[in-house]
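Undergrad: Here's a structure for you.
Where a number appears in this text, it was derived from the coordinates with a stated rule and is not lab data. Quantities reported herein were computed from a predicted structural model and do not represent experimental measurements. So basically every Cβ, Gly included, is an ideal-geometry build from the backbone, and we count neighbours across all protein chains shown.
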Amino acid sequence: MKYLRSPGVSGLLVCTSLGLFATGCTQPVSETGDENVGSTAEAIRDMTSAEAVADFDQIVTSFRGLYGPLKFKEGRFGFNFESMAKDYRKKVAAATNDAERIGLYNKFLAEFHDAHISLQTSLASDSSHGVYAPLFAMPIEGKAIVYAVYPQLAGTRVQRGDEILSVDGKRVDAILQAVKPYSALGNDVASRHVWMQYLTYRPYFLPKAIRPASKTAHIELRDATGATYAIDTAWNSTDRVRNRSVTSSHTATQMGKEVAFSESVADIIHAELGNEGANDPFFLTAQVKQAFGITGSLRPSAASLAKFSLDPAVAAGFTFFATTYVAEGKRVLLLRIPSYETTDEVSAIKYLSALLDEYQPQVDTLVLDETHNPGGSVSYVGSIFNLLISSTKNGWVQRMHADRQWLGTYLDYADLLRQVGQTDLANTFEGWGNAIDTAYSARKPLSPVMNFTGTYTTEPDASFHWAKPFVLLDDELSASGADALPMLIKANHVAPIFGQNTMGAGGTVEPVATLANSGGSLSLTRGMFTTYRADGKYGDADFVENTGVTPDVRYSHTVSDFRAGYVGYVAAFSHEAVKAIPAAPAPVSTNP
């Protein structure tokens, strides 16, 4: 069992497993349908108004001092931060319970449309309980299509692929409009995946107007034949969160501190996949396996591991999905990168090098899948990019928020480099620290662009690089580090990108504060990244935040292909991978 943060920007944790709701993790709603369970001797009270306001003031202070894209967001979304904060503060002061207060925190954070912002707490008050019905939907063709049906509905008519039309008499679009203010990712296409969860999962902080009025959910659906039907099922109350959360750390050590790409996005992505690991592609269905003759996942041989000096015992810990199949007469290697989080980056790169090196001679083209990828390590993304290039390319850069925290980080790293004799690189980092200092002293919000590794360009991996054509798969749930890889690939014209715009989570993220009263941990985006430009000219549109990366070949899923197991989707990206193979030169005539 894991503690799953509410997707997007949310507050208190919801007790679930990522595939099925965990046994013993729920409690029935009361006979009156009221989820506010009576207090006990061990009850955790709601915050007082003064405590809630103090926590909100701490959030606002953190934004003022540490949030990288603040001015960018004001311009893009047309708000004035100080006026908005003042308005929300009044509302927090007037709220009467934690549900209202946490709801206001969420609404405030959602104003920034930032997939990296998160507010997580390990304890909820005893009056705080959400509910869920045992099925979940995802957006396809503008519809709410069921992707997960839990055992509670076994024996009912509900099937994966059916369309939800209404819940408790409220049409889908009306519910989505009501929940939109409480959660937002980098763009509305990505955010819609979160909002769809709220059709059948209602966190306690959502407004009373869409809170269930009884203990029974009445859900209207339409099946694949077009026939409509309805079911009645229980609204299950989520359990009290009474112990510390156990969370994944999507982090990597950079410059002597933790720099994370995604802490909350992974929850919604994993939930939609319906499994915890997400090592397999979401489209790896029984129908796809049968249609393309896929029987299992490939691993590098012992000889290949030895070539890259990787211990087989270490290699056994890596679970990258890889397979080969034939499409349009050409052999395709499919390799999935489920996230850019790893505890052993050096070994992971050796493993991927061994795998790609072994199978490169056996295939004509590569499909690299980073769909539904929540991001991860700064350097890991760069190392994978270096496996895919054969010449010097422009690397990524970031404008850092101008503050003492970033300044100290760069100067500390410069000191570490000097201690190991890397004087030139130390001077580079000290110079960047001074640039942050100059921007900070001038009260500018962001520094000039700078690089994480000391150089503005990047080189092919010294041990291996992929030399054949490839296609990169992306979608609206490719976030953060999975925004960065396609950004580098597109800016450097390395390969075509297939799918949808990436999420637009375009900056490093760090925990910046622990709230004094709720105990919430606030994480904020600390800068904005893009690809290095030799001319030094960067406009807002060049940065990935809220923009994402546009695919070269756009593909939108259809309900019919979802119901058919994504065979059409696999055929479509396989076609693009085959198209990327250079045409064979015409034979030279030997006739006079």
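Undergrad: List the residues, sorted by chain then number, that are 5 or more residues from residue 144 or on another chain and whose placed amide H is less than 5 Å from its amide H.
TA: Sorted by chain and number, the residues that satisfy this are 164.
Undergrad: Based on Cβ point charges of +1 for Lys and Arg and -1 for Asp and Glu, what charge dipole magnitude is obtained for region 397-518 about its Cα centre, in debye rounded to the nearest 20?
TA: 260
Undergrad: Let me ask something else about it. More than 19 angstrom separation, counting every C-alpha pair in region 64-196; what % is that?
TA: Percent of Cα pairs beyond 19 Å in region 64-196: 62.
Undergrad: Which one of 115, 142, 129 is farthest out on the positive end of the charge dipole of region 92-180, using unit charges on Cβ (Lys, Arg +1; Asp, Glu -1) and the Cα centre as origin?
TA: 142
Undergrad: Which entries in 393/490; 107/208; 86/208; 71/444; 468/579 show an alpha-carbon gap greater than 18 Å?
TA: The pairs that break the limit, which is 18 Å between Cα atoms, are 86/208.
Undergrad: How far is it, in nm, from the label point at residue 434 to the one at residue 550 when both lie 7 Å from their Cα along the line to the Cβ?
TA: 4.0
Undergrad: Another question, then. List the lysines whose Cα sits under 18 Å from the Cα of residue 143, skipping any in the same chain fewer than 8 residues away.
TA: 170, 180
Undergrad: Students often check this: by mean Cβ neighbours within 10 Å, which of 528-541, 398-411, 51-64 ranks highest, and how do the rest follow?
TA: 398-411, 51-64, 528-541
Undergrad: Tell me whether region 294-411 comes out rounded, prolate or oblate; compute the Cα gyration tensor, take square roots of the eigenvalues as a ≥ b ≥ c, and use a/c under 1.5 as the rounded threshold.
TA: Note, shape of region 294-411 comes out prolate.
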